[in-house]
1. What is the one condition in (1) closer than 12 Å to ALA41 by Cβ; (2) assigned to a helix (DSSP H, G or I); (3) not β-branched (Val, Ile, Thr) that HIS124 does not satisfy?
2. Looking at region 28-54 only, could you name the residues that are among the basic types (Lys, Arg) and without any contact (Cβ under 8 Å) to a residue 24 or more places away in the chain?
3. Would you say ALA76 is in a helix (DSSP H, G or I) and either surrounded by fewer than 19 Cβ atoms within 10 Å (Cβ to Cβ) or at pLDDT 90 or above (or both)?
4. Does any residue of region 41-51 turn out to be assigned to a helix (DSSP H, G or I), out of contact with any Asp or Glu (no Cβ under 9 Å at 6 or more places or on another chain), at pLDDT 95 or above and surrounded by 19 or more Cβ atoms within 10 Å (Cβ to Cβ)?
5. Being of a type outside the set (Val, Ile, Thr) and modelled with pLDDT under 95 narrows it down to one residue among SER9, SER54; which is it?
Amino acid sequence: MLPQSGQPSIPEGQAQPRVQSYRDLAVWQKAVDLAVECYRATQGFPKHETYGLSAQFQRAAVSVPANSGFASASDAEGRSRQHTREFLQHLSIAYGSLAELETHIEIARRLGYLPTDTAEALHHSCATIGRMLNGLQNSLSKRAACSPPSVAN
């Protein structure tokens, strides 16, 4: 059974898996999956939307993993306050891109470019990723607030 967060819990006494790369972040992995699904969904858009809604849809979709994956291992672990603040800024950009994507999904659905079931599935993925981004932002914000300022050399 999964805890309320939807993420598998780590058995007591076991350490959290270490983040070696942004590719280890579940939010980045899910955001890449969403971007791929968005590219597939836009393949059925009318040709006259190639440089309009289709391109905006794809750019917003790609921006989510690009900005949520900005972190290096030290950013994700919160070792450096400055890096953590930079990472938080990129997470904020990712969240904004996610909101933009949700708007494009809804417009495409209303125009009849996306079937309702496809739009609902994409909205569900956006909601899941949004919760993950919020959780990561909250966790890193707490770490940044608790960590001492870095000393410049």
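1. Going through (1) closer than 12 Å to ALA41 by Cβ; (2) assigned to a helix (DSSP H, G or I); (3) not β-branched (Val, Ile, Thr) one by one, HIS124 breaks only (1).
2. Our first condition is that a residue be among the basic types (Lys, Arg); within region 28-54, this holds for 30, 40, 47.
Listed by number, the residues that qualify are ARG40, LYS47.
3. On the way: in a helix (DSSP H, G or I): yes; either surrounded by fewer than 19 Cβ atoms within 10 Å (Cβ to Cβ) or at pLDDT 90 or above (or both): no.
Here the answer is no, as ALA76 does not meet what is asked.
4. Taking region 41-51 first, the residues assigned to a helix (DSSP H, G or I) are 41-42, 47-49.
If we keep only those that are out of contact with any Asp or Glu (no Cβ under 9 Å at 6 or more places or on another chain) too, we end up with 41, 47-49.
Then keep just the ones that are at pLDDT 95 or above; that gives 41, 47-49.
If we keep only those that are surrounded by 19 or more Cβ atoms within 10 Å (Cβ to Cβ) as well, we get 41.
Yes, the conditions are met somewhere in region 41-51.
5. Values: SER54 fails: modelled with pLDDT under 95.
Exactly one residue qualifies, and that residue is SER9.
The values are calculated or read from the model by the stated rules, or taken from the named source; none is laboratory data. Just so it is clear, the structure is predicted and the values come from calculations on it, not from any experiment. With ideal geometry, Cβ positions are generated from the backbone for all residues, glycine too; neighbour counts draw on all protein chains shown.
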